[in-house]
Amino acid sequence: MLIETERLTMRPFTPGDLPELLRMRADEEVVRYLGGVAKQTPEFTEQRLRFHFDCYEKYGYGMFAVVRKSDGEFIGWGGLQPLEESGETEVGYGFDKPYWGQGYATEVAAAWLRYGFETVGHARIVAVAVPENAGSRHVLEKLGMSYEKNAEHYGIDCVFYAIRREEFAPREGFYAVHDSSGARQSG
Ligand SMILES: CC(C)(COP(=O)(O)OP(=O)(O)OC[C@H]1O[C@@H](n2cnc3c(N)ncnc32)[C@H](O)[C@@H]1OP(=O)(O)O)[C@@H](O)C(=O)NCCC(=O)NCCS
């Protein structure tokens, strides 16, 4: 399954993405609000990749690689996954530093919310962020997500946001889901 937006394609990670992912996650600024660089050992990132693969098996989606259509660059990650053992589904995203500030997080998160509500049929999707991550909080708020509480997730004190299906307004712009044969499922 692939999700395509105006400027981006989101595809499942492969084991071959590990070196590039490790490179991105070695940048202090990229992981400042993701537990810091010390946490980003190769073992940790490999274990996260395995978790993403498990999600693909279990749900048919998960955290995907984000690729820019104009030049094929792998610029970051985004997707839906279970929020630890909470029983909730979270939307998450992150980008290599050169790609910040161009609306990509908003484009990615909006597409995954749409996929989660329209295709999967989730009733509610949540997100967590470190309170100081003002850029990410702004993205969540732009998408119509509401702050609910502070809560600890991934061993970090987080702000917790949520949105219900009926509150979600799909953004204008190109959006398509392709199945594994490449056929478009919805547009
Ligand atoms: C946070 C992050 C995902 C934002 O990605 P992005 O592609 O730059 O986000 P967008 O361009 O779609 O939107 C960011 C918005 O926040 C605003 N913003 C950015 N930094 C901000 C800050 N420090 N304070 C307030 N607003 C900020 C931008 O102006 C923009 O708003 P606008 O569209 O109204 O102008 C990106 O910085 C990143 O990858 N960080 C590292 C990984 C990470 O923290 N992931 C999120 C974990 S919860």
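Kindly list the number of the only condition in (1) within 14 Å of the ligand (Cβ to nearest atom); (2) at pLDDT below 95 that fails for Ala105.
(2)
Within the stretch 123-144, identify whether any single residue is surrounded by 13 or more Cβ atoms within 10 Å (Cβ to Cβ), touching a Gly at 6+ places or on another chain (Cβ under 6 Å) and within 23 Å of Met10 (Cβ to Cβ), and answer yes or no.
yes
Quick check: is even one residue across the stretch 34-47 within 15 Å of the ligand (Cβ to nearest atom), free of Cβ contacts under 8 Å to residues at least 12 places away in the same chain, of a type in the set (D, E, K, R) and open to solvent by 20 Å² or more (accessible area, probe 1.4 Å)?
Looking through the stretch 34-47, at least one residue is within 15 Å of the ligand (Cβ to nearest atom), free of Cβ contacts under 8 Å to residues at least 12 places away in the same chain, of a type in the set (D, E, K, R) and open to solvent by 20 Å² or more (accessible area, probe 1.4 Å).
Taking the condition out of contact with any strand residue (DSSP E or B) (no Cβ under 7 Å at 6 or more places or on another chain), open to solvent by 70 Å² or more (accessible area, probe 1.4 Å), more than 17 Å from Met63 (Cα to Cα) and modelled with pLDDT of 95 or more, does Glu29 pass?
Numbers: out of contact with any strand residue (DSSP E or B) (no Cβ under 7 Å at 6 or more places or on another chain): yes; open to solvent by 70 Å² or more (accessible area, probe 1.4 Å): yes; more than 17 Å from Met63 (Cα to Cα): yes; modelled with pLDDT of 95 or more: yes.
Yes, satisfied.
Suppose we filter Glu90, Glu85, Glu57 for residues that are modelled with pLDDT under 95 and either of a type outside the set (Lys, Arg) or in contact with a helix residue (DSSP H, G or I) (Cβ under 9 Å, 6 or more places away or on another chain) (or both); which single one remains?
Numbers: Glu90 fails: modelled with pLDDT under 95; Glu57 fails: modelled with pLDDT under 95.
Of Glu90, Glu85, Glu57, the one residue that is modelled with pLDDT under 95 and either of a type outside the set (Lys, Arg) or in contact with a helix residue (DSSP H, G or I) (Cβ under 9 Å, 6 or more places away or on another chain) (or both) is Glu85.
When residues of the stretch 84-99 are filtered for being within 15 Å of Lys142 (Cβ to Cβ) and either touching a Ser or Thr at 6+ places or on another chain (Cβ under 9 Å) or near the ligand (Cβ under 9 Å from one of its atoms) (or both), how many remain?
Here is the first cut: in the stretch 84-99, the residues within 15 Å of Lys142 (Cβ to Cβ) are 91, 93.
Now drop any that are not either touching a Ser or Thr at 6+ places or on another chain (Cβ under 9 Å) or near the ligand (Cβ under 9 Å from one of its atoms) (or both), which leaves 93.
Here the count works out to 1.
Please work out if Ile125 is more than 13 Å from the ligand (Cβ to nearest atom) and either more than 17 Å from the chain's Cα centre (by Cα) or within 19 Å of Thr5 (Cβ to Cβ) (or both).
Considered against the rule, which asks whether it is more than 13 Å from the ligand (Cβ to nearest atom) and either more than 17 Å from the chain's Cα centre (by Cα) or within 19 Å of Thr5 (Cβ to Cβ) (or both), Ile125 comes out as yes.
Quick one: how many residues across the stretch 61-84 are charged (D, E, K, R) and assigned to a strand (DSSP E or B)?
Number satisfying all stated conditions: 1.
Every residue in the stretch 128-145 that is touching an Asp or Glu at 6+ places or on another chain (Cβ under 8 Å) and more than 9 Å from the ligand (Cβ to nearest atom), please. Break it down stepwise before answering.
Step one: of the stretch 128-145, the residues touching an Asp or Glu at 6+ places or on another chain (Cβ under 8 Å) are 128, 130-131, 144.
The answer is Pro131, Gly144.
Take the residues in the stretch 145-187 that are aliphatic (A, V, I, L, M) and farther than 25 Å from Leu8 by Cβ; name whichever of them is nearest to the chain's Cα centre (by Cα). Before the answer, list the steps.
Restricting attention to the stretch 145-187, the residues satisfying the condition of being aliphatic (A, V, I, L, M) are 145, 151, 156, 159, 162-163, 169, 176-177, 183.
Still in the running and farther than 25 Å from Leu8 by Cβ: 151, 156, 159.
On the way: Ala151: 19, Ile156: 18, Val159: 16 Å.
The residue in question is Val159.
Can you confirm whether Val120 is more than 16 Å from the ligand (Cβ to nearest atom), at pLDDT 95 or above and either under 13 Å from Gly92 (Cα atoms) or open to solvent by 20 Å² or more (accessible area, probe 1.4 Å) (or both)?
Details: more than 16 Å from the ligand (Cβ to nearest atom): yes; at pLDDT 95 or above: yes; either under 13 Å from Gly92 (Cα atoms) or open to solvent by 20 Å² or more (accessible area, probe 1.4 Å) (or both): yes.
Yes: the conditions hold for Val120.
How many residues does the stretch 1-54 contain that are of a type in the set (A, V, I, L, M, F, W, C) and assigned to a helix (DSSP H, G or I)?
Pass one, the stretch 1-54, residues of a type in the set (A, V, I, L, M, F, W, C): 1-3, 8, 10, 13, 18, 21-22, 24, 26, 30-31, 34, 37-38, 44, 49, 51, 53.
Right, trim to assigned to a helix (DSSP H, G or I) and you get 18, 21-22, 24, 37-38, 44, 49, 51, 53.
Residues that pass the stated criteria total 10.
The values are calculated or read from the model by the stated rules, or taken from the named source; none is laboratory data. In this text the structure is predicted, and so the values were computed from the model without any measurement. We place every Cβ from the backbone using ideal geometry, glycine too, and count neighbours over all the protein chains shown. Accessible surface is based on the protein model in full, side chains and every heavy atom, while ligands, DNA and RNA are left aside. Shrake-Rupley method; radii C 1.70, N 1.55, O 1.52, S 1.80 Å.
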